[in-house]
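This report refers to the structure that appears directly beneath it.
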2 protein chains.
Amino acid sequence: MIQKLISKIQKTQAPIVVGLDPMLSYVPDHIQQKAFAEYGETLEGAAQAIWQYNKEIVDSVYDLIPAVKPQIAMYEQFGIEGLRAFKKTVDYCKSKDLVVIGDVKRGDIGSTSAAYAAGHLGKVQVGSNVYAGFDEDFVTVNPYLGSDGVKPFIDVCKQEKKGLFILVKTSNPSSGEFQDRLIDGKPLYELVGEQVAKWGADCMGDTYSYVGAVVGATYPEQGKALRKVMPKSFILVPGYGAQGGKGADLVHFFNEDGLGAIVNSSRGIIAAYKQEKYAKFGPENFAQASRAAVEDMAADIRGALENR
Amino acid sequence: MIQKLISKIQKTQAPIVVGLDPMLSYVPDHIQQKAFAEYGETLEGAAQAIWQYNKEIVDSVYDLIPAVKPQIAMYEQFGIEGLRAFKKTVDYCKSKDLVVIGDVKRGDIGSTSAAYAAGHLGKVQVGSNVYAGFDEDFVTVNPYLGSDGVKPFIDVCKQEKKGLFILVKTSNPSSGEFQDRLIDGKPLYELVGEQVAKWGADCMGDTYSYVGAVVGATYPEQGKALRKVMPKSFILVPGYGAQGGKGADLVHFFNEDGLGAIVNSSRGIIAAYKQEKYAKFGPENFAQASRAAVEDMAADIRGALENR
């Protein structure tokens, strides 16, 4: 799957991911009203609204991008019906040949991580049959529990040719509270980064490992340092756009080969029509606004990489 | 909800939680066969089997215990159908007046944690209606992202009178890999414990905070130290029984008032019929075996507390 991600980045010339993190407040009124007319102002209605919203955005941008990153929390908040919309979104994006990164940030003790890994990347056995529960291509994983919480995910990735992005330095303002604390002179995030490199060494595609890392766009200096700590790991970089990151800040997340990072934008793309810059599209044409925002983001990052 | 937990612990004289973490391999054949006859060897069939298994165990033990802790990963591995069984289990346990601790170990950046908190402890707005997605009483939270990943959970707890258990020192063998690393002479888990005490100071019930901590039974020395760091926080203690912890090891997780900790056992209770000690019950009477195992566990911990 890391090879597919790389070949799609090369084909689209866009090392970007669209974060499908729909808040109901992002969904234009005409879509909400249609869903509510059919299903009522219910969890099912909300799920239908976000699914229709996602589908139009995916239809509008899928040829420009290698990957999407649905954030499961935004679906899980609507209970079972929301998770059904998550699954429909994953399946639809895969049918469009997009790489799907499930932003699930799971992580637990060994046997429990094994269940998460089976449910999101692998398969479960039921009697003599075998099923995939959610079947994303990559997932994000929280490393706080250490190696035996991560290894079950790696085992499933080896079987299924899938991949991981381990949280190393997150994009949020208080990420430093624990992650920046010094241990033998090194910040915790760097120790986690060193482990990502170790875990990943055993899981190589042709040039990059399928064990990657999450490092926030909002921390470019740390990104530069971590790039060197994990030279063979892809870095998933959230925090572009609405969270404040810009293309020029992000060049050091990439290797000299122009690869090794993939930059996520969520609200900046999916709710682009709400920005002044794209207001001319109007809520009716929100998906065209998303397409314009993808083109601008790809150009920003391409430009920054050419000028570094 | 912390008051309800305390009053139920006092009433049952059993500071224990039953972990409803069903593996399909724990479910006796007669239950699996009945579910598969009705729904096929499908995800729906698996979900039906674990739901029926849970229900019989809950019916057999609910009067002896204050709380249950369903581990969502064990349901999530079966996709949407599995999560439907999770929700049925949560709802059923609440109808039996049990406190339900959703072992979800979620945690993300602020707006995303807010969505998880709404889905698991709070409510979401859909048009002019308001719904609860999963509606547990407590959830477990991963602290790696720092305060702004935890605060949205606390905010919802204040509104809804619910509670949290934050991962501090987990029960698994490699938990020390990051959690034990020294920062200014103190292990990371102690810094996290200090934060739990700070977060909790603002969230007090009558005598205990509704912001608690997770500390593994497998690390009794660390439990003793953390008890002092977080005197007003309840400690959820996993790892009793199958993972190796015993009552005598656990006394220092409790305060002098005999409160302040609640000990979880999962496999040791729900799959008790598979142990030699309870084999006489047989698979047909697995729920009676679970009841006997609950009684033995409660007696072990009560005895240890009386003899300390």
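The values are calculated or read from the model by the stated rules, or taken from the named source; none is laboratory data. Treat the numbers as computed from the prediction; the structure is a model and nothing was measured. Using ideal geometry, Cβ is built from the backbone for each residue, glycine included, and neighbour counts are taken over all protein chains shown.
Points worth noting:
- Test for residue B:69: is it more than 17 Å from residue B:265 (Cβ to Cβ) and charged (D, E, K, R): no
- Among the residues making up region A:144-176, those that are touching a helix residue (DSSP H, G or I) at 6+ places or on another chain (Cβ under 7 Å), within 7 Å of chain B (Cβ to nearest Cβ), under 16 Å from residue A:195 (Cβ atoms) and not polar (S, T, N, Q) are A:144, A:145, A:146, A:148, A:149.
- Filter result for residue B:175 (closer than 20 Å to residue A:169 by Cα and surrounded by 20 or more Cβ atoms within 10 Å (Cβ to Cβ)): yes
- Search result, residues across region B:30-45 that are polar (S, T, N, Q) and either over 19 Å from residue B:284 (Cβ atoms) or surrounded by fewer than 18 Cβ atoms within 10 Å (Cβ to Cβ) (or both): B:33, B:42
- Test result for residue A:219, in contact with an Asp or Glu (Cβ under 8 Å, 6 or more places away or on another chain), farther than 30 Å from residue A:52 by Cβ and either within 14 Å of chain B (Cβ to nearest Cβ) or not polar (S, T, N, Q) (or both): no
- One residue stands out among those in region B:32-60 that are of a type in the set (A, V, I, L, M) and under 25 Å from the mean Cα position of the chain (by Cα): the one that is nearest to residue B:270 (Cα to Cα), which is B:57.
Quick grid of which residues meet (1) modelled with pLDDT under 95; (2) over 30 Å from residue B:36 (Cβ atoms); (3) of a type in the set (S, T, N, Q):
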residue	(1), (2), (3)
A:124	no, no, no
A:142	no, yes, yes
A:148	no, yes, no
A:163	no, yes, no
A:169	no, yes, no
A:176	no, yes, no
A:179	no, yes, yes
A:182	no, yes, no
A:192	no, yes, no
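- Residue within region A:93-107 that is part of a helix (DSSP H, G or I) and surrounded by 19 or more Cβ atoms within 10 Å (Cβ to Cβ) present: yes
- Under the condition of being assigned to a helix (DSSP H, G or I) and more than 14 Å from chain B (Cβ to nearest Cβ), the residues counted in region A:7-29 number 6.
- Just one of the listed residues (A:211, A:237, A:251, A:263) is over 28 Å from residue A:60 (Cα atoms) and among the β-branched types (Val, Ile, Thr), and it is A:211.
- Inclusion of residue A:218 among residues that are in contact with a Gly (Cβ under 6 Å, 6 or more places away or on another chain), surrounded by fewer than 24 Cβ atoms within 10 Å (Cβ to Cβ) and either among the hydroxyl-bearing types (Ser, Thr, Tyr) or assigned to a strand (DSSP E or B) (or both) is warranted.
- Which listed residue is out of contact with any helix residue (DSSP H, G or I) (no Cβ under 9 Å at 6 or more places or on another chain) and under 28 Å from residue A:169 (Cβ atoms), from B:193, B:185: B:185
- Within region B:121-153, being surrounded by fewer than 24 Cβ atoms within 10 Å (Cβ to Cβ), among the polar types (S, T, N, Q) and in a loop (DSSP other than H, G, I, E, B) holds for one residue alone: B:128.
- Filtered residue count, region A:121-143, keeping only those that are under 22 Å from residue A:73 (Cβ atoms) and either more than 8 Å from chain B (Cβ to nearest Cβ) or in contact (Cβ under 8 Å) with a residue 60 or more places away in the chain (or both): 9
- Looking only at residues of region A:262-276 that are part of a helix (DSSP H, G or I) and in contact (Cβ under 8 Å) with a residue 12 or more places away in the chain, we find that the one that is surrounded by the fewest Cβ atoms within 10 Å (Cβ to Cβ) is A:274.
- Filtered residues of region B:46-82 (kept if farther than 27 Å from residue B:298 by Cβ, facing chain A (nearest Cβ under 9 Å) and surrounded by 24 or more Cβ atoms within 10 Å (Cβ to Cβ)): B:46, B:49, B:76, B:77, B:78, B:79, B:82
- The listed residue being more than 14 Å from the chain's Cα centre (by Cα), touching a residue at least 24 places away in the same chain (Cβ under 8 Å) and not in a helix (DSSP H, G or I), out of B:250, B:259: B:259
- Count of region A:83-113 residues which are within 24 Å of residue B:111 (Cβ to Cβ), within 11 Å of chain B (Cβ to nearest Cβ) and among the small types (Gly, Ala, Ser): 2
- If you go through region A:181-196 and keep only what is more than 7 Å from chain B (Cβ to nearest Cβ) and more than 23 Å from residue A:260 (Cβ to Cβ), you end up with A:184, A:185.
- With respect to being more than 16 Å from the chain's Cα centre (by Cα) and of a type outside the set (D, E, K, R), residue A:271 fits the description.
- Members of region B:203-236 found to be over 24 Å from residue B:10 (Cβ atoms), over 14 Å from the mean Cα position of the chain (by Cα) and in contact (Cβ under 8 Å) with a residue 40 or more places away in the chain, listed by number: B:218, B:219, B:222
- Region A:230-244, residues that are surrounded by fewer than 19 Cβ atoms within 10 Å (Cβ to Cβ) and part of a helix (DSSP H, G or I): A:242
- Given (1) surrounded by fewer than 24 Cβ atoms within 10 Å (Cβ to Cβ); (2) at pLDDT below 95; (3) within 14 Å of chain A (Cβ to nearest Cβ), number of the condition residue B:247 does not satisfy: (3)
- Count - residues of region A:254-266 that are in contact with a helix residue (DSSP H, G or I) (Cβ under 8 Å, 6 or more places away or on another chain) and modelled with pLDDT of 95 or more: 9
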